[in-house]
Amino acid sequence: MMTLGSLGFAAPGLLLALLALPVVWWLLRAVPPAPVVRRFPGVVLLLGLRDSETETDRTPWWLLALRLLAIAAVIVGFSGPVLNPAERSPGTGPLLILIDASWASARDWPRHQDRVTALLADAGRAGRPVAVATLSELAGGEITFRGAEYWSGRVAGLVPRPWAPPADVARALEAALGAAETETVWLSDGLDRPGRADVLAVLEARGPVRVIESPRPALALRPARFESGLIHLEALRSPPADSRTEVTITAHGPDPSGVERELARGTAAFGPGAAVAGLSLSLQPELRNRITRFQIAAERGAGTVSLTDDGLQRRKVALLAPRDGREGLELLSPLFYLRQALEPVADLIDGGIDDILLAAPDVIILADIARVTEVEADMLTEWMEGGGLLVRFAGPRLAASDVSRGELDPLMPVRLRAGGRTVGGAMSWGAPRQLEPFDETSPFHGLAVPEDVTVSAQVLAQPDPELAQRGIARLADGTPLVTRRAIGQGQVVLFHVTANAEWSTLPLSGLFVQMLERLAISTRPARPDAADLVGATWTAERVMDGFGAVAPAGTMAGVDGAALGAALEGSGPDAGPGAGLPPGVYAADDRRVALNVAGAGTTLAPATWPARIPVEGLETARETPLKGALLSLAFVALMADILAALAVSGRLMALRGAAVLALALLMHGPAPAHAQTQDQAQAQEQAPSDDRLALRATAEVVLAHVLTGDPRIDQVAEAGLRGLSRTLFERTTVEPADPIGIDLETDELAFFPFLYWPVTEGAPTPSEAAYARLNRYLRAGGMILFDTRDADMAGFGFSSPAGRRLQEIARPLDIPPLEPVPDDHVLTRTFYLIQDFPGRHTGQVWVEASAPDAERAEGMPFRNLNDGVSPVVIGGNDWAAAWAVNERGRPMMQIGRGAAGDRQREIAHRFGVNLIMHVLTGNYKSDQVHVPALLERLGQ
Amino acid sequence: MTAAPPALRHRAEGLAAPLPPLLAEAEHLAATVMLGEHGRRRAGAGDEFWQYRPAHAGDGLRLVDWRRSARSDTHFVREREWQAAQSVTFWVDDARSMAFSGARDRAPKADRARLLALALSVLLVRAGERVGLAAPDMAPRAGQVQLMRMAARLCDDGASDYGAPDATGLPAHARAVFLSDFLGDLGPVEGALTAAADRGVKGALVMVLDPVEEAFPFDGRTIFESMGGALRHETLRAGDLRGRYLQRLAERKDRLEELARLTGWRFTCHHTGDPAMGALMWLHQALDRVRA
């Protein structure tokens, strides 16, 4: 090998061929480009003409230069040029390659492997016995020296471990090496840690030591802290003096559909020479609760990933207490102590049960609520089966009610005895009872029971074979204080005392908070200390590998709480993850603790080596063969030469377009825009028909009817709404477009102010999803006009077939109490003044019942029925038939006889107009009663 | 012996193949020119009414148009338009230089020249004229059959590099149309024109050129050959010659124009890149004017 500066040549002899270049130059110069032969009748006119310039019979100089460049590139290329050729330094005797292989090594792991491969190759050439050992996982056995070939096959299998070498690794190394004399190459991860000097001493006692270290800084991420609404993150670096001044930290977690993705991103800036950079993130609770890990972007290594646990999560807790009219008695409020305990550590939700359930809380606390409605009970049960935790507190109301007396209430963990009991009161025997220490099966096991927690009243559980199993906290006399029962994936927990201090001092004690925490109602505001973890066996849920990739733990043995606690402690010999305790998320019951490489107190320091130890970087020996690049250059030059030769000989004209195109294709490859446009086209194709429906329905007011599946009825309904639309168009400012038939199962209802629903005996029951849509529609202010079309023959008993069907269909709907349209209902005067509401028949019509306390204002002809459009209007008058018109605008159906029939049709239209006006303007006409009062006040 | 008839037939079919399309195309082109019947624009023997004129002394009574005269006090004579058949002879250059086409999708010059000649013939035959070719047995005749014969004859290709007109068969006082690229020696053209002028033959020269011949878009080292390969010219930078080539072409056109003016002919230059319609219209009117 010949070297020229940083350039080496594998076959320098070939370079002699460069001497031939002048000859080539002379040859090329002498040979002009070949002529084109053209048939051309105009040659007659050319005869005798002479070329004005004669030099061009030689190749132009730039074409010559191009060709010489191509030839030179080929010659140099084949002579095997190498940039930065590696210098081999042979040695003798056995060689030990020692690798830290810690989480910090992961950042440069491929280079570690390259370097080891190079060392092995050298050793193999020199015939030296080699041993490769990793400090992070020093196998118990001794280090054996073997041929380099044995090891070179195993280099690819070396992986960094997500922990650091233990502090006492020097002893293990000494034992493994025995008395062997060896030269050592130590691939260090560049971080200082206790025990390193000992290892160096052990190695130096056996022979020379060379250290190879990556010059890139090691980065680590401390666990996230959640304080005052902000997530605080700290990135560490070593060595601190580095050109890189900021790192990007990303938060990852599942999105609502469960797909892992980046949820947030921020940049932390290192000050000059600073080893720590901070970042504060403000995230919405929804987003924050979903975060599973933080990560330094574009970095590898377990240290740059920080898993999150309960410390970051805030559970959504809904609080419900019976409504009472009293104010000011805050300390007596059943929720006061719960609020105090939970406010700092959970997101609290208030409201009614149906509102609360929409917010998808993790926990619902019912304080002294005895009874919930059947619907709400069903909703709660369903929610619990999906994993919800219902916590109930007893109280005077629960004690007084007969809930869960005779048989087990679905929302109670145990049956209760009537009345409850009071101990230690003025009128009873005995002192207030204390708590028994929690037994091992209880989730509260390990919590210390303070002396001052006493219970003076409680509700009593009915003795029951399952009672012992369900009690998780007991009084000293053995009566259960807290019971729980699993329901589906969730559970219901009953505290047999009140949530305020009325019945016991429990809510006043710290134990209350700890119990809430153990029940995973609240979450820890800070990291748990070792004591919190003792007493439970923790199983790994997810663990990290050395590169920071998180994977399910599979069947790892459980970890004792004490060991986990020691690992989580900031200092001490067992701090941080180790071989038996990889970083990851550990769970016990509902609690989760994340063990990360970098703890809250972790600092990084660069390793310092004595001056006698030579330290190399990983980067230096990077050979770059230039052969490929040079041959490519020659190829490109020859391609250019083709074009240039064509240009010189005048043949490029015709080829120009094609050549430019081909060149462009050659350089850029197929354009990616093609794929994009295709995607867009596909996306447009897939645009759901919903959009078209939405556009049609929202561009103008549109009346809609529910498709029943019976073509005749659908046709009449459509014609009826068309007739009504036409009437509205003619008589009012409401100008509806053509009506739309709605398929309840597929179409979105939200666009329509009004739905006409003709009910037939054979009407299919809508699906769950359709009911959900219908209820949402009704709650959001939509109106449905149910029409049984049977003239309500059987009276409002719904005993006609269609009526029964209507009852069945409407049962799951959110329909308020009904009443026949009262005389003063706003429907009677929204546009026309009418008193009955005929269609093809004349029957009674039902609307939402007016508020019971509605009263007639003085001097007013009707009651002051404010607020709310009736969500349903129910009748059997077959209005569509009365409204129906054919294509020519003539009535489609016969109504009554003669003039009376026409009159009935007219009234039916007027009802339709009033109805749509009611839908669109609400109680506006009702509000007119205030006009005199307003005028009077304005007058003043 | 068995092979002869099919071979003959094959050749005959190959020969006849271009005929109907050429004729059809010519008919089609001619159909777009609807100028109506063209009388001689003067009174004479014919079928068409020309004018009424007051009767002179000497007009026979037979000539008086009584119906017209009855409406006024004077006598009128009904005159008919003079209609006399005129003969037009075409010379279409069939030399190999006419086979040149500058672009793949452009027909050779010869095609255009033949098309023009035949289309004009169609028009003339329709007007009752006699048409013919400047070839020994193609003297002017009238009728559709003559068109067929002309079409058949026009499809023949000559062997020489450049063509020269033959004015020997021209009837006196007839009309003639020469279609050629006139790139060959101008001497024969000049001779033919003077000979024709001597016999009172008038007509039109149509120079059919390919746009490439007009633009000379060549560059680089090139050897130019005539279509037959008889003439060669080599240049190292064809682009340099463009100016001088165009100048010579212009001189040639001027010369032809001058010749035409001297002999009472008319001259135009037609490019195969342009529609044939323009040239046909020009030819039609040029002949009309020469006739008048």
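A few comments on the model shown:
- Each other residue within a Cβ distance under 13 Å of A:I895 adds +1 if Lys or Arg and -1 if Asp or Glu, for a net charge of +2.
- Low-density loop positions, GluC sites (Glu not before Pro), the range A:302-405 - DSSP coil, at most 15 other Cβ in 10 Å: A:E327
- Test item: B:238-249 mean partner chain Cβ contacts at 10 Å: 4
- For the range A:530-595, size of Cβ-based charge dipole, Lys and Arg +1, Asp and Glu -1, in debye: 140
- Distance from the Cα centroid of the range A:124-175 to that of the range B:128-206 is 105 Å (rounded to whole angstrom).
- Cβ-defined net charge surrounding A:D355, 13 Å radius [Lys, Arg +1; Asp, Glu -1]: -1
- As a rough footprinting exposure proxy, the listed residues A:W757, A:W883 were ranked by other beta carbons within 10 Å of their own, and the order from fewest upward is A:W757, A:W883.
- Highest mean first, the peptides A:627-637, A:840-850, B:69-79, A:361-371 sorted by other C-beta atoms within 10 Å per residue fall in the order A:361-371, A:840-850, A:627-637, B:69-79.
- Taking trypsin sites (Lys or Arg not before Pro) across the range A:443-520, none is in a DSSP loop with at most 16 further Cβ atoms lying within 10 angstrom of its Cβ.
- Per-residue average of Cβ from other chains inside 10 Å of B:174-184: 1
- Per residue convex hull volume, Cα atoms of the range A:690-930, in Å³: 129
- For the range A:218-307, the Cα gyration tensor yields ellipsoid semi-axes of 24, 14, 10 Å (square root of five times each eigenvalue, largest first, whole Å).
- Residue (of A:G303, A:T248, A:F226) at the positive-pole extreme of the range A:218-307, dipole from beta-carbon charges: A:G303
- The smallest convex shape that holds all Cα atoms of the range A:530-595, its convex hull, gives 82 Å³ per residue.
- Cross-link reach is defined here as a Cα-Cα straight distance under 29 Å, omitting same-chain residues fewer than 8 places apart; for B:K253 the lysines meeting it are B:K109, B:K202.
- Counting Lys and Arg as +1 and Asp and Glu as -1 over every other residue whose Cβ lies under 15 Å from the Cβ of A:F635, the net charge comes to +1.
Each value in this text was obtained by applying a stated rule to the coordinates, not by laboratory testing. Everything numeric here is computed off the predicted structure, so don't read it as measured data. Please note: Cβ atoms are built from the backbone with ideal geometry, for glycine as well, and neighbour counts cover all protein chains shown.
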